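Step one of this worksheet: look at the structure below.
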Amino acid sequence: MRKNLLMLAVIAVAAYLVGVESAKARGKNYEDLRHQLERLWTSPEAKKARKRMAKNAQKTLDKARKNYLGS
């Protein structure tokens, strides 16, 4: 699980860095990208979606544990 989470974090950072470089190449400012990410992270719809995804992931994990461990 930690390995997957670490890989996901590395991919996210790499994608962020590529996006920043791409934005700079197009003449966009780093702050523009940062503000867009901040706006996305703090939007109520995004918060609801993250909460819903976490809840579904937990249900799936519990179901898988129950099926494979039999408890």
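The values are calculated or read from the model by the stated rules, or taken from the named source; none is laboratory data. In this text, all values refer to a predicted model and were calculated from it rather than measured experimentally. Note that each Cβ is placed from the backbone with ideal geometry, even for glycine, and that neighbours are counted across all protein chains shown. Each accessible area value is taken on the protein alone, full model and side chains, heavy atoms only, with ligands, DNA and RNA left out. Shrake-Rupley method; radii C 1.70, N 1.55, O 1.52, S 1.80 Å.
Rolling a 1.4 angstrom probe over the chain with all protein chains present gives an accessible area of which 63% lies on carbon and sulfur atoms.
Only DSSP H runs of four or more residues enter the estimate; each adds -39500 (n - 2.57), and after division by the residues of the chain the mean residue ellipticity at 222 nm equals -31000 deg cm²/dmol. Taking segment 1-23 and a reference point 7 angstrom along Cα→Cβ of Arg65, the backbone N atoms nearer than 17 Å belong to 1-2. When Rg/Rh (Cα atoms, Kirkwood Rh) is calculated for this entry, the matching label among (1) 1.02; (2) 1.16; (3) 1.08 is (2).
Annotation: per residue accessible area for the chain equals 95 Å², rounded to a whole number [probe 1.4 Å, protein chains only].
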